Amino acid sequence: MAKPGAASTPPSTGLAARWLAATAHHQAGRLAEAEAAYRHILGDHPQHFDARHHLGVVALQQGRLDESQSNLVAALALNPRSAAAHNNLGNVHLRRQRLDEASASFQRAVELQPGLFDARLNLGLALRGLKRLDEAAAQLRRAVAIDRRSVQALANHGAVLLDLGDAAGAVQAFEAAARLEPAAATAHANLGAALCAAGDLPRALGVLDRALKLDSQSVPALGARGTALARLGRYAEACATLARVAGMTPDSAAAHSNLGLALRDAGQPGEAIAPLRRALALDPSLGAAQVALGQALREAGREADADAHERQSRSSTMSSADTLNRDGMLKIEQGDRAGAEAAYERALALDARCAETHYLIGNLRMLQGRSVEALKHYEKALALDAGHAQARWALTMAQIQPVSASAAEAMRSRSSFSRMLPELDRWFDARRSLEGYRAVGSTQPFYLAYQAQNNRELLARYGALCARLMAPWQAQNVAAPSRGESSASGRRIRVGIASAHLHDHSVWNAVVKGWVRHLDRQRFDVILFSLSGRSDAETAQARALAQRFESGVRTLAHWVRTITESAPDILIYPEIGMDALTTKLASLRLAPVQAASWGHPQTTGLPTIDHYLSADDLEPADAESHYTENLVRLAGLGVCYEPIRVESVSPDLRALGLPTGVPLLLCPGQPFKYAPEYDALWIDISKRLPASCLVFFRPADNELGGALEHRLRNGYAAAGVDFDQHVRFIPFLDRARFYGLMKLAHVFLDSPGFSGFNTAMQAIECGLPIVALEGEFMRGRFGSALLRRLGLESCIATSAGGFGELVAALVRDDAWRSSLRQQVETRRQALWGHTAAIEALERFIEHALLESH
């Protein structure tokens, strides 16, 4: 704004005194007197430019924008080359949020007077408002060059550099501002925020603490401190600080948005929804808040329903590997995906060129089973941001479709994945590899396990890439794991188990619980790392059984510190491939000996995993060729299983759309477990048993059941068999009704190619006969292993034709089926409490540690 008294036209002698009096009033802040004096001058001299100009300035200072604009336009008509007048007219437009007009006025001012500091500064602010960030940075840089002691110019230059992602440049600008105003809390708050963005979190906290000593109520300092704490994984402190900021500034959209982001990152998506919605009510244009709301709605629904789903439908009808990855595609717990989708679509409406939003919508589409659409969104994300590592990673992982339309399509997807893996490896060049750890595990080739082929070669390449991208991060953040004292010294061996599923979940129930309960505490200390932070009654059991129990939502660095400080002699990951954080951790060397197990039943491919804990009963003779790890065949089933005691409830068959009075043949796997090459099995059974009903299950939270039903319907039609007469798809049931349905059914049909351990165990608990087609790989042999241990080899088919023949014979022969029920009920104790597996595990651990020294 022009300084009063700076006349551009020489006044006459009488006018000079009046002009000096007018500007003296203006400079002293006596605006009413100044306005009257300027009007008096204009009454006698209507063409007096300076009086007209300054009259416009007074009106601007008083907020009378229409009057200010008319006077400034009139002044510019008298002197169109006045840079100061153009600058002040720009200020009027800026006040009205007319950024295009403001930037045009400021641009004209700097053209007329390149050294006019105010115009340079204002032009930078207007361009920043227009999101023309590179231009804004250039103008603010020139403003700083004009006046290097302007804190305002330095602060705004730092702010726009942060917008551009140049955190290092922003730090330099804010450091200069803080040196000029060492007692200003805001200057230190800005510097702290820039240091946080630059990743220098310890220094950021120090600077922000200095700001809060200067002003304990500084909202910028508190807000930046909350953000820094969240990035350090100190979520409780972060959320408390950001909640305080939101309370202090209830009308600040940014404050509510930051609180919502921190709550979501802290594993409290349900609590994040309200502040995010409040932020968007205050400012609907906050694209980041829209995206975060979409994520929170997805995750909150999963968390709210998780106990019910895992205690009931999910854990009752899933194998030990049927829960998918939370970050990208793999978690089948139901979330508010409709709400999430609406939030993402609103984010795209705000900014259709946001790569991150397209990436997240791609993840949502994969969860919904809409893989073709997912691929399009990943491709769009990369078109908008060619360096988006997670989108590039996801584009490769998503080549493996969850439910293929045909066996040929499944092979094409496999070929695409194989072709794109080396391309992905090359994409992560020397520069991108430094940040590549962010992509590792973000989405995973989970569905590859459901193709009944040897995946060792593909997963070895995938695992090598994961380890390569994690290596630079490990070199900077992780000390080499200590080998500690020799176990011969008498110290108990520390067994670490890191899992995202230490709660009522198939991985805990089938694999981990028995190990933790029965390992000899005279020789072993058990340290549990609960990576998800989820907690229920089973988690309480785990906590009570362990010598140390670590849990909570934490950053990667925090978990690595926690694990390495615990110094496990052996670190076991029961389910690598189902959780992003687990995959990142498993790609590092955090213990002298590291092992995986069959919570996800295939090789990890990771060169950082030394051993794979399987079992004698589960593996074929040539199984070593299926693993990159050393295969360890523990005794029997390799686990010490405890049955689930359930009070069954008979379901209403008619309400479920099931026929009564006909044999019910249960096929309880998730839709993606049924590979197209086995479709002929179901048609063959329907032909052999025209009065029977095959019962499949449809998830409520994705479209995979519909895709499987569509494929089977087409296959039945091609074979000339009435699909609707022979097949039903019903919703997943809670555990009590699922057990009730098993007690009403005739036969349990184990899913070929990818068997179900937990579901088969639960069928045995209900006395339901099982028919299994023994597969080539461990993941296809759970059902047959249980039957063989029960001495019921007669229920194991070794060929596709034999499978249908066996099912038909069992359904037709009431006496045989009744006998099988009795044999299951009398022999099933042989499957439970199998301590020989624990003894084998103990021997393996001791031997592996001796070999590692």
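Cβ-Cβ contacts under 8 Å between residues 6 or more apart (or on different chains), taken from a first residue in the range 375-393 that is over 18 Å from LEU421 (Cβ atoms) to a second residue that is basic (Lys, Arg) and open to solvent by 50 Å² or more (accessible area, probe 1.4 Å), are listed as LEU384/ARG353; GLY387/ARG432. Scanning the range 163-193 for residues that are within 20 Å of VAL219 (Cβ to Cβ) and among the charged types (D, E, K, R) gives ASP163, GLU181. Taking the range 481-590 and the strands (runs of 3 or more DSSP E) fully enclosed by it, the elements with 1 or more residues that are free of Cβ contacts under 8 Å to residues at least 60 places away in the same chain are at 524-530, 548-551. Looking across ALA763, ALA772, one residue alone is in contact with a strand residue (DSSP E or B) (Cβ under 6 Å, 6 or more places away or on another chain), open to solvent by less than 10 Å² (accessible area, probe 1.4 Å) and part of a strand (DSSP E or B). It is ALA772.
Just to be sure, is LEU820 touching a helix residue (DSSP H, G or I) at 6+ places or on another chain (Cβ under 8 Å), surrounded by 14 or more Cβ atoms within 10 Å (Cβ to Cβ) and over 18 Å from CYS667 (Cβ atoms)? Answer is yes for this residue. Screening LEU208, LEU195, LEU180, LEU232 for residues that are touching a residue at least 60 places away in the same chain (Cβ under 8 Å) and among the aliphatic types (A, V, I, L, M) leaves exactly one candidate, LEU232.
Listed conditions (1) on the phi > 0 side of the Ramachandran plot; (2) buried (at least 23 other Cβ atoms within 10 Å of the Cβ); (3) at pLDDT below 95 are all met by GLY552, apart from (2). For GLY740, the test of being open to solvent by less than 40 Å² (accessible area, probe 1.4 Å), farther than 30 Å from GLU642 by Cα and assigned to a helix (DSSP H, G or I) is failed.
Rundown of residues vs (1) in a helix (DSSP H, G or I); (2) aromatic (Phe, Trp, Tyr); (3) at pLDDT below 95, yes/no style:
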residue	(1), (2), (3)
GLY165	no, no, yes
ALA168	yes, no, yes
ALA173	yes, no, no
LEU191	yes, no, no
ALA197	yes, no, yes
ARG210	yes, no, no
LYS213	yes, no, no
SER216	no, no, no
ALA221	yes, no, no
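Pairs are defined by a Cβ separation below 6 Å, a sequence spacing of at least 6 or placement on different chains, a first member in the range 418-445 that is under 14 Å from LEU469 (Cα atoms), and a second member that is open to solvent by 60 Å² or more (accessible area, probe 1.4 Å) and basic (Lys, Arg); the pairs so defined are LEU421/ARG461.
Is it the case, given these coordinates, that ASN714 is part of a helix (DSSP H, G or I), free of Cβ contacts under 8 Å to residues at least 60 places away in the same chain and under 30 Å from LEU364 (Cα atoms)? Yes: the conditions hold for ASN714.
Against the numbered list (1) open to solvent by 10 Å² or more (accessible area, probe 1.4 Å); (2) over 28 Å from LEU65 (Cα atoms), ALA170 comes up short only at (1).
Out of all the residues in the range 611-620, is one or more open to solvent by 10 Å² or more (accessible area, probe 1.4 Å), without any contact (Cβ under 8 Å) to a residue 60 or more places away in the chain and farther than 18 Å from GLY441 by Cα? Yes, some residue in the range 611-620 is open to solvent by 10 Å² or more (accessible area, probe 1.4 Å), without any contact (Cβ under 8 Å) to a residue 60 or more places away in the chain and farther than 18 Å from GLY441 by Cα. Among helices (runs of 4 or more DSSP H) entirely within the range 273-354, having at least 1 residues that are closer than 30 Å to GLY129 by Cα, modelled with pLDDT of 50 or more and open to solvent by less than 30 Å² (accessible area, probe 1.4 Å) singles out 287-311, 337-350. Considering the conditions (1) out of contact with any Pro (no Cβ under 9 Å at 6 or more places or on another chain); (2) of a type in the set (A, V, I, L, M); (3) assigned to a helix (DSSP H, G or I), ALA183 is excluded by exactly one of them, (3). Scanning the range 824-837 for residues that are out of contact with any Gly (no Cβ under 7 Å at 6 or more places or on another chain) and surrounded by 17 or more Cβ atoms within 10 Å (Cβ to Cβ) yields ARG828, LEU831. Of everything listed in (1) open to solvent by 50 Å² or more (accessible area, probe 1.4 Å); (2) at pLDDT 95 or above, the single unmet condition for ASP265 is (2).
Within the range 110-121, the set of residues being of a type in the set (A, V, I, L, M), in a helix (DSSP H, G or I) and crowded, with 18+ Cβ neighbours inside 10 Å comprises VAL110, ALA119, LEU121. Picking from LEU469, LEU395, which residue would you name as being open to solvent by less than 10 Å² (accessible area, probe 1.4 Å) and either modelled with pLDDT of 95 or more or not in a helix (DSSP H, G or I) (or both)? Matching residue, one of LEU469, LEU395: LEU469.
The test for being in contact with a strand residue (DSSP E or B) (Cβ under 9 Å, 6 or more places away or on another chain) and open to solvent by 20 Å² or more (accessible area, probe 1.4 Å) holds for ALA700.
The values are calculated or read from the model by the stated rules, or taken from the named source; none is laboratory data. Just so you know, these numbers come straight off a predicted model, no measurement behind them. Cβ coordinates were reconstructed from backbone atoms using ideal geometry, including for glycine residues, and neighbour counts include every protein chain displayed. Ligands, DNA and RNA are excluded from the accessible area calculation, which covers all protein heavy atoms including side chains. Shrake-Rupley method; radii C 1.70, N 1.55, O 1.52, S 1.80 Å.
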